[in-house]
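Data block below; observations after.
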Amino acid sequence: MSTSRGMPYFYNPETKQSSWEAPEGLSSSEVKQLPGAAKYLSGDRAAALAAAQQDGKVRASHLLVKHSGSRRPSSWKETNITRSKAEAISILQGYADEIQGDPETFALLAQEHSDCSSHAKGGDLGVFGRGQMQKPFEDATYALEPGAISGIVDTDSGVHLIMRTA
């Protein structure tokens, strides 16, 4: 399951290549026999999400504010981020005050202000499991109930607000 799109993809462990399209030369019946196909290729996005949750996975959105100490201090909106970590936290706290627990406001602010490419999807990171995100981000996400929004979470990428969506 793709963490960025929340949809299934095909992975060839021999070539280490992934693709949205089924491997060439496989019939539809052979594709249905691939590991995970019954769970993730039903065509029902809700069923795929439910299957991912049964596998201990979660879905979340976030609003990221980078700072000069971030591991990559640039984003889609700024090529060189020079703000301090304290400034980033202050900005993010302002967003949290504006969001007031509202998922729609969260998505709108993430779309407009997040320093992550997920901004294009309102901050949606899709489905992910343990070990796929930085540890502080993972821990904060798993500690949330679906629908809840975290306080400020500090990672090597910057500071985040996280909303667990499933």
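Numbers at a glance
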quantity	calculated
Residue in segment 145-159 that is closer than 16 Å to His67 by Cα, open to solvent by 60 Å² or more (accessible area, probe 1.4 Å) and assigned to a strand (DSSP E or B) present	yes
Answer residue from segment 82-102, given it is out of contact with any strand residue (DSSP E or B) (no Cβ under 7 Å at 6 or more places or on another chain) and modelled with pLDDT under 95 and is least open to solvent (accessible area, probe 1.4 Å) among those	Asp102
Hey, Asp115 of a type outside the set (S, T, N, Q), under 20 Å from Ala140 (Cα atoms) and over 15 Å from the mean Cα position of the chain (by Cα) or not	no
Extreme residue, modelled with the highest pLDDT, among residues of segment 55-81 that are open to solvent by 20 Å² or more (accessible area, probe 1.4 Å) and within 21 Å of Asp139 (Cβ to Cβ)	Gly69
All positions within segment 103-131 that are surrounded by fewer than 13 Cβ atoms within 10 Å (Cβ to Cβ) and either among the charged types (D, E, K, R) or not in a helix (DSSP H, G or I) (or both)	Glu104, Glu112, Gly131
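The values are calculated or read from the model by the stated rules, or taken from the named source; none is laboratory data. Remember, predicted model here, so these are calculated numbers, not experimental data. Cβ: placed from backbone, ideal geometry, glycine included. Neighbour counts: every protein chain shown. Ligands, DNA and RNA are stripped out before the accessible areas are found, and what is left, the full protein with its side chains, is counted by its heavy atoms. Shrake-Rupley method; radii C 1.70, N 1.55, O 1.52, S 1.80 Å.
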